[in-house]
Each structure stands twice: as structure tokens, then as C-alpha cells.
Amino acid sequence: MSAASIRSLSKSKQTARIVIIGAGTAGIAAATRLLEQGFKNVLLLEAEDRIGGRINTIPFADNVIDLGAQWCHGEVGNVVYERVKDLNLLETTEGHYETFRCVRSNKEVLSDEVADNLKSIAFNSIPERQTELTDYKGSLGDYLTQKYWKELEKLPAINQTIAEEFLENFHKFESSVEAADHLYEVSGRGHLEYWLCEGELLLNWRDKGYKSFLRLLMQSKQNNPDDLGVLKGRVLLNKRIAQINWTGADEVLIRCWNGEVLTADHVICTVSLGVLKEQHSQLFVPALPEAKVRAIKGLKLGTVDKLFLEYALPPLPKDWPGFCCLWLAEDLQELRSSARFWLESVFGFYPVSYQPRLLQGWIIGEHARHMETLTEEQVLEGLLWLFRKFLPFDVPQPVRCLRTQWHANPNFRGSYTFRTTMADELRTGAWDLEAPLLDIGGRPRLQFAGEASHKHYYSTVHGAAETGWREADRLNSYYRSKTAQL
Ligand SMILES: Cc1cc2nc3c(=O)[nH]c(=O)nc-3n(C[C@H](O)[C@H](O)[C@H](O)COP(=O)(O)OP(=O)(O)OC[C@H]3O[C@@H](n4cnc5c(N)ncnc54)[C@H](O)[C@@H]3O)c2cc1C
């Protein structure tokens, strides 16, 4: 037996060095579970100057806003909900995303009757995940469009042009749910494999934000917002990893961008799919196996950005619970030939729970990536122009505007993952991303966690948390079976 093999066999939960790359949900879930399981040597390396990753709750206006994850999606089978349900942290969100007004680019506001009919047809055209798509081979966009027009035949009184404008807007809305540039790249079958947790789908964190969940995982002190709880002394911030070298039979070498090298017995990599796409060929030595590279190629991390506008007073009339933008064809044509073309993908503005002075807009896809390259002044100027174009009343000047830049940030390169039709063609998916890389003796050396590696709950915080626990449990099982063999 080689010296390296003997050294690795002699490791125990007390001595094994585990390095987790990334202190987002998956990394924090993995680290806290490993500590619970009795591992002593656990370290998180995080590229940003903060923990949380795509959970980023910041102080803003009257309390806080979430730049990333905002709602707990569902109850049954949702580990986030399970953890907090008795703590009075979550609340059902008012119908902000159902009762919004539909406004055309000539300022015409659809009547409640027409708007309600179109919304109900569109929402009912989203396939019932587990029942309707079993044999469907096409994209979500094909499915939704066909069903929408079929259902609309039952309501001949609705103007065809308005129905088309609404469908265009709904495509963008649903693309934001999927994080796709458009629904024609979303696998219908993938949609089926995504599990929706039954119960309320938009549970908000009152005036505390999604960071409450991470604080709970870490057992942070109530009165100290920066307390890392059980992770105190175990997180190194501003540690961007440039290379993970798992060539040798013994240690894994982790090289940071500043040249510093750390060693570990096990590495759990939780960086986003966007980071993997951009960096996997330099990040891992030796290169990742073909199946994993196929998954990295086939799955996609789309871009969804938020646009926050803060006002001195609530900006919209009381009977305006937000609005969506329906473009007339001629206006859209004009917009497309102007520098403000990116506004086409801003699909609507909605209130924010516990923040009466805010409006939250959404933008998706390629236009979101373009928006991220503009200055904040240019973004604000564009949004104010959009308001003037659509709204039949004046909106005051905001006191502040903030937009997210999830794609521009090299530590994310996007917002959340979906399953593409290309992944279907490549016969790949989250299962290939999840597969750990073991040494010849079956010892996990390089493991993968993060939302994209969850087969059913990808794109969510509850999915990310489960993947962190999954990899902690994998290591725990390995050490338990090793002890049993001795
Ligand atoms: C705009 C937006 C809205 C969302 N809304 C919701 C929602 O309402 N509900 C919901 O459930 N989910 C939502 N999500 C998705 C949810 O935020 C993610 O699924 C989840 O937070 C991902 O956690 P993770 O640990 O997998 O990845 P991340 O949070 O991305 O963690 C990975 C960490 O790795 C770090 N990292 C990257 N590269 C390196 C490197 N080279 N070296 C060291 N560290 C590195 C990153 O900085 C990051 O902190 C939203 C996301 C976005 C962006």
C-alpha cells in the first residue's frame, strides 16, 4: 500500500480536512451539517466579500430587500419551509403577481374582465407538471403557446391583437420563472421533472429577508446581523479559487487567485453552473469527466434581474397593485431600433411586501445582460421613459434606483438554472453534475453541490440546501463505513 493510501485511510472525522468552495446556501448547508455530524476540520472559501451567494439580503428603504432569492416556494417537501414553519418567519404574499393591471403601450388599460380572462387562460396553459407532459418531447414554449390559443378559441370576444400582446408578455413572465431567455429553449420534459412543492408558492420573509434562513442554519445570534454562529472562524472571504488539483492520490491542492495554496482531503465545490461553464476547463486538474462536462454544457443558468425603485411615498394609485407592459407591434418596432431596445424585456412592476414605497421590476434574458452593462443613470432614464410611455398618470421621481447584475458578476454568471431541450438531446442532467469524483478506493475527493445539481428542486434555495446536505451525508456515510470496516 502506498504512503498516500495509508495516510488517507488513517483519516477520521476528527482529522479529515474538508474544504467547501462557496459560502452560498449549498456551502453553508454542507458545512453546518458536517459539523453536526462530528467533522472537526471544515473550511469555507468564498470569492465574494460576504456569505450567502445568491441569497443577498441588504438594507434598503424601510427595511431590507432581497437582490437574489426572495420567496420560499411552497410548503410540502420544502426543507426551508419545514425548518421555519413554526417560527413565524414566513408570510403569504398578497396577490401582487395575480392582481396586476395590464397596460398597452398606448396607455390603454385592459378592463378587469379581459385581463382576468387572459391571465386565467395563460396560467392554465402552464402544464400540470406531473400529469400533462409525460410523453411531451418539445419545448415549454411550444406547449404553452398551443394550449393558450386553443383555450382562447372558447372566448371569441377577446380581441386577437390584445391576446397576442398578452401572450408575448406572459412568455417573458414565465421565462423569468424558468430563468430562460425564451421558453422555446426550456425542455418540456424538464419542466415535468421539476417538482413543485404543494402549498403557498410565494412565502415572503416579512421585513427580514431570505438571509433569515441562513442565519438559522448557522445558529447566528439574534442581535448580531454579522454573526456566523457555528461557522465563526471557518469562513474565508475574498478567497476566489483559480484551480482545484486532485491529481495526486493524497491531498487535493486548492490554488487561490492570489497564488495562495491550501490543501484538503475532500473538496465540495458549490460554485454556480455559470462559473462552471466559464471556468471548468481551467478550474479542474485533471479535466472533469466527459459526462460532467456534457451536463455543464447542456444545462443553462439564465439571467433574471431585479429593478428596484424607491419613492418618497407609495408611487402608484391605491387600485394599481402593479402592472405589466403590453407592447403594440408598431411601438415595439420603434423601440427595437432605439438605444432603449432592452426595455422590451422589462415585463412588469410589482409591489414589495413590507415596503410600501418600492416598486420592483423584472427583466430577463439577453436584454437583462445588456442592461447590466449600462450605468445606473441610463437604467433609471430608461425606466422613467417606460413609465411615461405606458402609464396614464404621472409617477413621481424616485429617490433611488437599484438594479441587480447577476450575470456580470464572475462569481455567478447568471441567476438560476433550467433544463434545456439541448440537455434532453445530450441525454444529460443534474444527475451527471451531482456525481462525485472518487479515488480508486471509493473515497470521495471532489464533490459537487449547488442548486443546479438537484434533479427536482434546481433553481431554488430549498434545492441548494438539499444538495449541501446530500454531500455532507455522502462524506459521513463514507467515514461511517470506513470505521465499520476497521
Ligand atoms: C434574482 C434571483 C431571484 C431568485 N429568487 C428565488 C426565490 O424567490 N426563491 C428561491 O428558492 N430561489 C430563488 N433564487 C435561486 C436561489 O437564490 C439559488 O438557487 C440559491 O441561492 C443557490 O445557492 P447555491 O449555494 O447553489 O449557489 P450560490 O448561492 O451561487 O453559492 C455559490 C457561492 O460560490 C461562490 N463562488 C463562485 N466562484 C467561486 C470561486 N472561484 N471561488 C470561491 N467561491 C466562489 C459564489 O460567490 C457564491 O457565494 C433566485 C436567484 C436569483 C439570482
Check: If you go through region 379-388 one residue at a time, do you hit one that is over 30 Å from residue 251 (Cα atoms), within 16 Å of the ligand (Cβ to nearest atom) and small (Gly, Ala, Ser)?
Finding: no
Item checked: Residues within region 260-283 that are more than 9 Å from the ligand (Cβ to nearest atom) and of a type in the set (S, T, N, Q), tallied -> 3
Next item on the list: Could you please let me know if residue 464 is touching a Lys or Arg at 6+ places or on another chain (Cβ under 9 Å), open to solvent by 20 Å² or more (accessible area, probe 1.4 Å) and assigned by TED's automatic domain parsing to the domain that holds residue 215?
Entry: no
Check: Do we have any residue at all in region 397-407 that's touching a residue at least 24 places away in the same chain (Cβ under 8 Å), in a helix (DSSP H, G or I), open to solvent by less than 50 Å² (accessible area, probe 1.4 Å) and of a type outside the set (Lys, Arg)?
Finding: no
Margin query: Please pick out the residue among 447, 360 that is under 21 Å from the mean Cα position of the chain (by Cα), within 22 Å of residue 28 (Cβ to Cβ) and within 16 Å of the ligand (Cβ to nearest atom).
Written below: 447
Item checked: Matching entry among 48, 36 (being acidic (Asp, Glu) and open to solvent by less than 40 Å² (accessible area, probe 1.4 Å)) -> 48
Item checked: Given (1) surrounded by fewer than 17 Cβ atoms within 10 Å (Cβ to Cβ); (2) among the aromatic types (Phe, Trp, Tyr); (3) in contact with a Gly (Cβ under 7 Å, 6 or more places away or on another chain), index of the condition residue 349 fails -> (1)
Note to self: Quick check on region 152-164: of everything there that is open to solvent by less than 30 Å² (accessible area, probe 1.4 Å) and farther than 16 Å from residue 125 by Cα, which residue is modelled with the highest pLDDT?
What the structure shows: 162
Note to self: So residue 42 ticks every box in (1) touching a helix residue (DSSP H, G or I) at 6+ places or on another chain (Cβ under 7 Å); (2) among the β-branched types (Val, Ile, Thr); (3) within 15 Å of the ligand (Cβ to nearest atom) but one. Which box is left unticked?
What the structure shows: (3)
Note to self: Please determine whether any residue of region 107-114 is open to solvent by 60 Å² or more (accessible area, probe 1.4 Å) and in contact with a strand residue (DSSP E or B) (Cβ under 7 Å, 6 or more places away or on another chain).
What the structure shows: no
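Quick grid of which residues meet (1) of a type in the set (A, V, I, L, M); (2) open to solvent by 70 Å² or more (accessible area, probe 1.4 Å); (3) at negative phi:
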{"position": "318", "(1), (2), (3)": "no, yes, yes"}
{"position": "324", "(1), (2), (3)": "no, no, yes"}
{"position": "345", "(1), (2), (3)": "no, no, yes"}
{"position": "360", "(1), (2), (3)": "no, no, yes"}
{"position": "384", "(1), (2), (3)": "yes, no, yes"}
{"position": "387", "(1), (2), (3)": "no, no, yes"}
Item checked: Residue check, residue 365 modelled with pLDDT of 95 or more, near the ligand (Cβ under 10 Å from one of its atoms) and surrounded by 20 or more Cβ atoms within 10 Å (Cβ to Cβ) -> no
Note to self: List the strands (runs of 3 or more DSSP E) inside region 55-138, counting only whole elements, that have at least 3 residues being within 16 Å of the ligand (Cβ to nearest atom) and modelled with pLDDT of 95 or more.
What the structure shows: 57-60, 63-66
Next item on the list: Search region 179-191 for residues being assigned to a helix (DSSP H, G or I) and open to solvent by less than 20 Å² (accessible area, probe 1.4 Å), and hand back the single one that is nearest to residue 109 (Cα to Cα).
Entry: 183
Item checked: Scope region 219-259; condition farther than 21 Å from residue 444 by Cα, more than 16 Å from the ligand (Cβ to nearest atom) and over 28 Å from the mean Cα position of the chain (by Cα); matching residues -> 223
Note to self: From the list 252, 235, 285, exactly one residue is touching a residue at least 60 places away in the same chain (Cβ under 8 Å) and closer than 22 Å to residue 435 by Cβ. Which is it?
What the structure shows: 252
Margin query: Looking at region 22-37 only, could you name the residues that are among the small types (Gly, Ala, Ser), more than 6 Å from the ligand (Cβ to nearest atom) and more than 15 Å from residue 266 (Cα to Cα)?
Written below: 29
Notebook entry, point to check: Does any residue in region 48-67 that is touching a residue at least 12 places away in the same chain (Cβ under 8 Å) come within less than 7 Å, Cβ to Cβ, of a residue that is of a type in the set (Ser, Thr, Tyr) and part of a loop (DSSP other than H, G, I, E, B) six or more places away or on a different chain, and which pairs are these?
Noted result: 55/210; 57/210; 63/354; 66/210; 67/404
Check: Can you pull out the residues in region 427-444 that are within 14 Å of the ligand (Cβ to nearest atom) and open to solvent by 20 Å² or more (accessible area, probe 1.4 Å)?
Finding: 434
Notebook entry, point to check: Is there any pair linking a residue in region 427-447 that is in a loop (DSSP other than H, G, I, E, B) to one that is open to solvent by less than 20 Å² (accessible area, probe 1.4 Å) and aromatic (Phe, Trp, Tyr), with Cβ under 8 Å and at least six apart or on different chains, and which?
Noted result: 435/448; 436/448
Item checked: Among (1) in contact with a Leu (Cβ under 6 Å, 6 or more places away or on another chain); (2) open to solvent by 20 Å² or more (accessible area, probe 1.4 Å) - the single one residue 310 does not satisfy -> (2)
Item checked: Search result, residues across region 457-485 that are away from the ligand (no atom under 16 Å from the Cβ), aliphatic (A, V, I, L, M) and more than 16 Å from residue 14 (Cβ to Cβ) -> 484
Next item on the list: Evaluate region 20-33: report whether one residue or more is within 27 Å of residue 456 (Cβ to Cβ), open to solvent by 30 Å² or more (accessible area, probe 1.4 Å) and not small (Gly, Ala, Ser).
Entry: yes
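The values are calculated or read from the model by the stated rules, or taken from the named source; none is laboratory data. Computed from a predicted model, the values in this text were never measured in an experiment. Methodologically, a virtual Cβ is constructed for each residue, glycine included, from the backbone with ideal geometry; neighbour enumeration extends over all protein chains shown. With ligands, DNA and RNA removed, areas are computed over all heavy atoms of the protein, side chains included. Shrake-Rupley method; radii C 1.70, N 1.55, O 1.52, S 1.80 Å.
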